[in-house]
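Working notes, structure below.
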Amino acid sequence: MRRAVWAYSTKRAVRDRATLTLQENKAKAVIAGEKTARTPRFVTIKNGSRSLDEASIERSRKLIGMKGYVTNIPAIVMPASLQDATGLSIKKIVRTLRPLQQITVRIAGHEHLAADPITGPANEILHALQAHTH
């Protein structure tokens, strides 16, 4: 089962807003015939005529500053408030925990567990999450 966790960043919002404005201006220039380019983002072509995709622009505006992360960790283990519990950004949490893997191998009818060692930073995150959920 997969779930998405969204994080907001003011720094990302500033960058996203500037990028979105540039993309919208480029789309308008292509539609007006001022600029020739392969069809840029936010330009819709219908029956050979180009128009501005206002709905896509509005959807993008609503997501300014947001970044999504997909995880298979259940909400009961890692609630949406995981960033608050650890004091770290979701990006830092993901970078720290991503390399940790565990596998169960069956050899001659016996199961063997192989797992990466838990690093100090990963251990701190896991303890903070455990304390937060109990």
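The values are calculated or read from the model by the stated rules, or taken from the named source; none is laboratory data. What you see is a predicted model; the values in this text were computed from it and never measured. Neighbour counts are summed over all protein chains in view; Cβ atoms, including those assigned to glycine, are modelled from backbone coordinates with ideal geometry.
With the checklist (1) touching a helix residue (DSSP H, G or I) at 6+ places or on another chain (Cβ under 7 Å); (2) surrounded by 15 or more Cβ atoms within 10 Å (Cβ to Cβ) in hand, flag the one item T44 doesn't pass.
Result: T44 fails condition (1) only.
Would you be able to say whether some residue in the range 74-85 is acidic (D, E) and not assigned by TED's automatic domain parsing to the domain that holds A7?
Looking through the range 74-85, at least one residue is acidic (D, E) and not assigned by TED's automatic domain parsing to the domain that holds A7.
Can you name every one of the strands (runs of 3 or more DSSP E) wholly within the range 49-134 that holds 1 or more residues which are farther than 25 Å from A13 by Cβ?
Ranges flagged: 49-52, 102-107, 110-115.
Run down S60, S56, S89, S81 and say which single residue is of a type in the set (S, T, Y) and touching a Leu at 6+ places or on another chain (Cβ under 8 Å).
Being of a type in the set (S, T, Y) and touching a Leu at 6+ places or on another chain (Cβ under 8 Å) holds for just one of S60, S56, S89, S81, which is S60.
Of the residues that sit in the range 6-48 and are of a type in the set (K, R) and in a helix (DSSP H, G or I), which one is farthest from P79 (Cα to Cα)?
K28
Is one or more of the residues making up the range 74-87 within 15 Å of the chain's Cα centre (by Cα) and surrounded by 15 or more Cβ atoms within 10 Å (Cβ to Cβ)?
yes
Those residues that are touching a residue at least 60 places away in the same chain (Cβ under 8 Å) and exposed (fewer than 14 other Cβ atoms within 10 Å of the Cβ), I need them from the range 53-68; list them, please.
Across the range 53-68, the qualifying residues are M66, G68.
Go through R38, R17, R50 for me and flag whichever is out of contact with any Ser or Thr (no Cβ under 6 Å at 6 or more places or on another chain), over 21 Å from A4 (Cβ atoms) and in contact (Cβ under 8 Å) with a residue 40 or more places away in the chain.
R17
Of the numbered conditions (1) modelled with pLDDT of 85 or more; (2) more than 19 Å from the chain's Cα centre (by Cα), A37 satisfies every one except a single condition; which is it?
The single condition A37 does not satisfy is (1).
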